[in-house]
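Below is one structure; the comments refer to it alone.
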Amino acid sequence: MKILVCISHVPDTTTKITFTNDNTQFNTAGVQYIVNPYDELALSKAIELCEGGKGTVTVVNVGDSSTDPTIRKALAIGADDAVRINAVPRDAYFTAFQIAEYAKTTDFDVILTGRESIDYNGAQVAAMVGEFLDIPSISIIKKLDFDGSSAVLEREIEGGKEVVNVSGKFVASCAEGVAEPKIPNMRGIMSARSKPLVVVEAAPVDEVAKIVQFETPPARGAVKLIPAEDAASLIGLLHTEAKVI
């Protein structure tokens, strides 16, 4: 079997977020980047499925050359080879389109992603890739068994779980529990240096969305205590200050 795993290049979870150019660009100065943790779960599951010579794992990333160290980390974890689509990702639509265009040139049995990236938290790419390729897409899976031709996937739903059977090619986004994250050892780190990393140019696609401005959350304010009998004041604050209703 051949499995394609989509990985994102994201800021470390401890990064202090700031913006530049009148809050229109993320400030990358001093930022440490990592493989998106949910994508690491997808990669770990793919490696597990292919252990013992059962298949190969290719990782794909949409990004410029600054993402190469992150891709090498994925190779050190255990991927067999990697592809970087040479473009700065604009949005989920652009990223999914590029991955789908690359996937059309190959013969992958399964495409795995993380449930979402920890920077934008959009949870859109997997479904869009499935739509572009006209294959089933299963979101936020907790379990995956695959024999090379058919798969049984398990996902949580409100009040229980859902079991999905799929035959043929499919896309799935992975969540906690699908696999134990793998830690690269010294042998993996050394071998990652010589594993293939192919760079392909991005396919042209129309721009459908544009980021106008970023904002950081407001500073946490003091707690306001409202008497239990004064529900009207509480509702008013929820409308005018918290703006949650």
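The values are calculated or read from the model by the stated rules, or taken from the named source; none is laboratory data. Treat the numbers as computed from the prediction; the structure is a model and nothing was measured. Because the Cβ atoms are built from the backbone with ideal geometry, glycine has one as well, and the counts that use them run over all protein chains shown. Keep in mind that these areas ignore ligands, DNA and RNA; they rest on the heavy atoms of the full protein, side chains included. Shrake-Rupley method; radii C 1.70, N 1.55, O 1.52, S 1.80 Å.
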With +1 on the Cβ of every Lys and Arg and -1 on the Cβ of every Asp and Glu, the dipole magnitude of region 84-217 about its Cα centre, in debye rounded to the nearest 20, is 600
Cα-Cα longer than 31 Å, checked against Lys73/Lys169; Lys143/Lys210; Lys2/Lys142; Lys16/Lys161, kept in input order, equals Lys143/Lys210; Lys16/Lys161
The farthest towards the positive end of the charge dipole of the chain, of the residues Leu234, Phe214, Ala179, given +1 on Cβ of Lys and Arg and -1 on Cβ of Asp and Glu, is Ala179
Residue by residue through region 170-181, the couplings from Karplus 6.51 cos²θ - 1.76 cosθ + 1.60 with θ = phi - 60°, in Hz, x for Gly and Pro, are 7, 10, 9, 9, 9, 10, 4, x, 5, 6, 8, x
In whole Hz, the Karplus estimates of ³J(HN,Hα) for region 111-124 (6.51, -1.76, 1.60; θ = phi - 60°; x where Gly or Pro) are 10, 10, 9, x, 4, 6, 8, 7, 8, 9, 6, x, 6, 10
With -39,500 (n - 2.57) per DSSP H segment of 4 or more residues and division by the full residue count of the chain, the 222 nm estimate, nearest 500 deg cm²/dmol, is -7500 deg cm²/dmol
Of the convex hull enclosing the alpha-carbon atoms of the chain, the direction-averaged projected area in nm² is 17.2
Rounded to the nearest 10 Å², the 1.4 Å probe accessible area of Lys161 is 130
Treating only Lys and Arg (+1) and Asp and Glu (-1) as charged, each at its beta carbon, one finds that region 1-121 has a dipole about its Cα centre, in Debye to the nearest 20, of 40
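Highest first, please rank the peptides 51-61, 107-117 by the mean number of other Cβ atoms sitting within 10 Å of their residues. Spell out each step's value before the answer.
Working: 51-61: 18.0, 107-117: 23.2.
So the peptides 51-61, 107-117, ranked by packing, come out 107-117, 51-61.
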Inter-part gap, Cα centre of region 157-219 to Cα centre of region 51-107, in whole angstrom, is 9
accessible surface per residue for the chain, probe 1.4 Å, DNA/RNA/ligands not counted, whole Å² -> 57
Expected unfolding gain across Asn165-Val205 under the 0.36 nm per residue rule, minus the alpha-carbon gap, is 11.1 nm
Calc'd 3J(HN,Hα), region 42-48, phi into Karplus 6.51 cos²θ - 1.76 cosθ + 1.60 (θ = phi - 60°), Hz, glycine/Pro = x, comes to 4, 5, 4, 5, 4, 4, 4
Kirkwood radius from Cα pairs of region 73-120 plugged into Stokes-Einstein at 4 °C, 1.567 mPa s, gives D in µm²/s equal to 103
Expressed as a percent, the accessible surface of region 62-164 that is carbon or sulfur, using a 1.4 Å probe and the full set of protein chains, is 46
